[in-house]
Amino acid sequence: MDLNRKTVLVFGGAGFIGSNFIRLILSKYPKVKAVNFDKLTYSGNLENVKDVSKDKRYSFSKGDIADQKHVRSVFSEYKPDFVINFAAETHVDRSVHGEALEFVRTNVEGVFNILESVKESKKILKYVEVSTDEVFGSLPLGSKQKFEETTVFAPNTPYAATKAGGDLLCRSYFSTWKIPVVVTHCSNNYGPNQYPEKLIPFCITRMMENKKLPIYGDGKNVRDWIYVMDHCRALELCLIRGIPGETYGIGADTELDNLTIARMILSYFKRNDSHLEFVADRPGHDRRYAIDSSKIRRELGWVPEYDFEKAFRETIGWYLSNEKWLRAIRKKTSGFNTHITQKIKRNKKIK
Ligand SMILES: NC(=O)c1ccc[n+]([C@@H]2O[C@H](COP(=O)([O-])OP(=O)(O)OC[C@H]3O[C@@H](n4cnc5c(N)ncnc54)[C@H](O)[C@@H]3O)[C@@H](O)[C@H]2O)c1
């Protein structure tokens, strides 16, 4: 089975990973149809899918997954064969600083609405719910432990808790109604089209503006980095070959702390540590994530293909050569990561 002659309903396809996924399937499968349903929040932008917008196999529908009627209507209008959900509130800082209710609406209620429609449709071959390794909580620094599919959920932030809520609903709909749902738990992504509030594009855009890089706490928090196209290829395999009811961990074994990432960006721009500014840590800041992806490698034959150093440099290059994209998305919001930049301002007041 592949995706040719099939309609894939993509929720959240105007965001970072969803837009890269749409580009991947349209370039790989000449006969696929992709329907992008997206609310276009601050992080969703049609600039991300501009290159495919005139493709006859692509359609866009603006809507909110928390609106059950609208979700139902998109299922009955397009009659999808496959469903994949990227639509989510995704920025941990926002979930910590007063916007948690929006996370509950989209990440829990939204997933519930999709599950209901998949259950009603009866023709869906697979629904992939794109989730995160953050649902597993935090690992100790310096340990060799990794998250596995069997690791118990222990979310520490409202973002992670709402993602875990959506994942558990998926589990229950499989157990109760055998709907063909697969849940994936991926580590931190980097690459083109990522909204610049997330660490890597945030640091790149700060350098482009000749501003300091704010670092939470001691900067030793470790993340397990994966290039976005490696993640998208894993998701494509989960759609085609993933076993309903199963979950898959996705990661590329690239553990680096935030300070190392910031210094790699400083070094690209030929700057030194004087351009770093340490700020008060975020509450509930997980210390370390690391994912064991041996199950998806063994069972679905996935392997990450992108070399970290090369893809990382190319990602910086992408932001440098896409200032027009940056201008377009900046128009929608006043600043890219207001919570951490406010802390820089507070640091200055104390001095
Ligand atoms: N970025 C990462 O490092 C990472 C890692 C693992 C898992 N994930 C998961 O992957 C998914 C996509 O993440 P991303 O980084 O592309 O996020 P993103 O913030 O770039 O994109 C999210 C998209 O969802 C849309 N959206 C938000 N609320 C919506 C709603 N109520 N109805 C319809 N559309 C809505 C937004 O407009 C946007 O286009 C998320 O579920 C996230 O939890 C992300």
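The values are calculated or read from the model by the stated rules, or taken from the named source; none is laboratory data. Computed from a predicted model, the values in this text were never measured in an experiment. Because the Cβ atoms are built from the backbone with ideal geometry, glycine has one as well, and the counts that use them run over all protein chains shown.
Of everything in region 149-181 that is buried (at least 23 other Cβ atoms within 10 Å of the Cβ) and among the aliphatic types (A, V, I, L, M), the residue that is farthest from Gly242 (Cα to Cα) is Ala160. Please go through region 40-84 and give me each residue that is surrounded by fewer than 19 Cβ atoms within 10 Å (Cβ to Cβ) and part of a loop (DSSP other than H, G, I, E, B), ordered by number. If the condition is that a residue be surrounded by fewer than 19 Cβ atoms within 10 Å (Cβ to Cβ) and part of a loop (DSSP other than H, G, I, E, B), then Leu40, Tyr42, Ser53, Lys54, Asp55, Lys56, Arg57, Gly63, Asp67, Lys79 are the ones that fit.
Taking the condition of a type outside the set (A, V, I, L, M, F, W, C), part of a strand (DSSP E or B) and modelled with pLDDT of 95 or more, does Asn189 pass?
yes
All of Leu3, Leu26 fail the test of being surrounded by 17 or more Cβ atoms within 10 Å (Cβ to Cβ), more than 8 Å from the ligand (Cβ to nearest atom), touching a residue at least 40 places away in the same chain (Cβ under 8 Å) and not polar (S, T, N, Q), apart from Leu3.
Is there a residue being in a strand (DSSP E or B), within 22 Å of Ala290 (Cβ to Cβ), modelled with pLDDT of 95 or more and in contact with a helix residue (DSSP H, G or I) (Cβ under 9 Å, 6 or more places away or on another chain) anywhere in region 229-247? So far as region 229-247 goes, yes, one or more of its residues are in a strand (DSSP E or B), within 22 Å of Ala290 (Cβ to Cβ), modelled with pLDDT of 95 or more and in contact with a helix residue (DSSP H, G or I) (Cβ under 9 Å, 6 or more places away or on another chain). As a summary of the residue check, Ala34 satisfies the conditions (1) within 27 Å of Ile179 (Cα to Cα); (2) surrounded by fewer than 24 Cβ atoms within 10 Å (Cβ to Cβ) except for the one numbered (2). Could you tell me whether region 107-122 includes any residue that is in a loop (DSSP other than H, G, I, E, B) and not hydrophobic (A, V, I, L, M, F, W, C)? For region 107-122, residues in a loop (DSSP other than H, G, I, E, B) and not hydrophobic (A, V, I, L, M, F, W, C): present. Just to be sure before I move on: is Pro192 more than 21 Å from Thr254 (Cβ to Cβ) and away from the ligand (no atom under 11 Å from the Cβ) in the structure I sent? It is false that Pro192 is more than 21 Å from Thr254 (Cβ to Cβ) and away from the ligand (no atom under 11 Å from the Cβ).
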